[in-house]
Amino acid sequence: MTTHKLLLLPGDGIGPEVMGEVKRLIDWLDAAGIAKFETDTGLVGGAAYDAHKVSISEGDMAKAKDADAVIFGAVGGPKWDAVPYEVRPEAGLLRLRKDLSLFANLRPAVCYPALADASSLKREAVEGLDIMIVRELTGGVYFGEPKTITDLGNGQKRAIDTQVYDTYEIERIARVAFDLARKRRNKVTSMEKRNVMKSGVLWNEVVTQVHKREYADVTLEHQLADSGGMMLVKAPKQFDVIVTDNLFGDMLSDIAAMLTGSLGMLPSASLGEVDVKSKKRKALYEPVHGSAPDIAGKGLANPIAMISSFGMALRYSFDMGALADKVDAAIAAVLASGLRTADIKSEGTTAASTTQMGEAILKELQKLHA
């Protein structure tokens, strides 16, 4: 049996708590002989700053490059608001994405039937929702140069962020979206702002060319990103795979996340190119939620997004799609039983701590393997 190398980076706030539930799952898979994982743990974000005065150490960065996948918790909190910009907790995550060349961010927005009423939208609008947002992750305005704040004198300053995309960057993220669509409902919606942005014009051209040349069997639609955000709220089930740039992907995926009722429910995957020789790709898996320092250490955190992120690792890094399906089924079964953490609690349901929710999901998974 192949041994898979995992680097666990719990991070800050509730990160270590939800990571603990993933570690429980990994340990059981090892003990049951279902899969074999070699795990190591490192520091990132505020925890790394406290220990090393950097957002991730060179040693832990080397471990990340050597791992088959990185499982990431969450970073940040008020404690580190005053640290220098270059070593802020979020810089550790940005460096991981950049140095591992993780250009494709996959953020599913799935509404479990048991949670349809937790959404701010009507049940009929979100029940059965299953969207995949594919966000370009290493280009665009977050990384473009120049990126400066200049003192103009007389109390005036000028801030510059630069939106930059090359053809190859758009081509490779488009291919990820089209390949995913072929395994889903065969539809891609590309979102940009070609009406006011030159980068949007190029994005539209390149996605159209890739579609015509390589994926004519997939349905392709183009939509302006602002109207796309509106349609996500008005009629979200019309979408299957949405592909968009770094900035719009950041915003649209958070909109889609709230359609499901809670940020605590949603996982994500950040993927690199497939290596031609090894057929492997660098990957990082993380929940969409933040570090939630206000509830850290209280046993209130929802571990489902973290567990689902590990499920995505099983699917996209280790070719264990059937096991990933069972993880998803275990989560759905626990939710259907009425167990809820504080963020998704409603009348008539049973309150559960972080650990109780993690244990319940593991028990359901064990039943599926019995």
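Computed values, structure above
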{"read-out": "Segment residue 30-residue 161, extension gain: residue separation times 0.36 nm, minus the distance between their alpha carbons", "value": "42.5 nm"}
{"read-out": "For the chain, with +1 on Lys and Arg beta carbons and -1 on Asp and Glu, the positive-most of 302, 322, 227 along the dipole", "value": "322"}
{"read-out": "Per-residue ³J(HN,Hα) for region 125-132, Karplus 6.51 cos²θ - 1.76 cosθ + 1.60, θ = phi - 60°, Hz, x for Gly and Pro", "value": "7, 10, 4, x, 4, 8, 10, 10"}
{"read-out": "Protein-only accessible surface order, largest first, of 319, 12 at 1.4 Å", "value": "319, 12"}
{"read-out": "Members of 65/147; 183/282; 36/63; 198/234; 187/367; 122/363 lying beyond 25 Å, as alpha-carbon distances in this model show", "value": "65/147; 198/234; 187/367; 122/363"}
{"read-out": "Residue 233 paired with residue 151, simple spin-label distance in nm, labels 7 Å along Cα-to-beta-carbon", "value": "4.1 nm"}
{"read-out": "Options 83, 93, 113, ranked by Cα towards positive dipole end of region 36-116, top entry (Cβ charges)", "value": "113"}
{"read-out": "Sites residue 172 and residue 212, calculated FRET efficiency, Cβ-Cβ separation with R0 22 Å, nearest 0.05", "value": "0.85"}
{"read-out": "Per residue Cα convex hull volume in Å³ - calculated over region 1-112", "value": "136 Å³"}
{"read-out": "Alpha-carbon centroid distance for the pair region 49-95 / region 192-213, whole angstrom", "value": "34 Å"}
{"read-out": "Distance in nm between pseudo-label sites at residue 90 and residue 183 (7 Å out along the Cβ direction from Cα)", "value": "3.0 nm"}
{"read-out": "Estimated [θ] at 222 nm from DSSP helical runs (n ≥ 4, -39500 (n - 2.57)) normalised by residues in the chain, nearest 500", "value": "-12500 deg cm²/dmol"}
{"read-out": "Length added when fully stretched, residue 62-residue 294, from 0.36 nm per residue minus Cα-Cα", "value": "80.3 nm"}
{"read-out": "Label-point gap, in nm, between residue 196 and residue 39 - each point 7 angstrom along Cα→Cβ", "value": "4.6 nm"}
{"read-out": "Distribution of pairwise C-alpha distances over the chain, 20 Å bins, in %", "value": "28, 60, 12, 0"}
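The values are calculated or read from the model by the stated rules, or taken from the named source; none is laboratory data. Quick caveat, the model's predicted, so the values are computed rather than measured. Please note: Cβ atoms are built from the backbone with ideal geometry, for glycine as well, and neighbour counts cover all protein chains shown. Note: areas computed on protein heavy atoms with side chains; ligands, DNA, RNA excluded. Shrake-Rupley method; radii C 1.70, N 1.55, O 1.52, S 1.80 Å.
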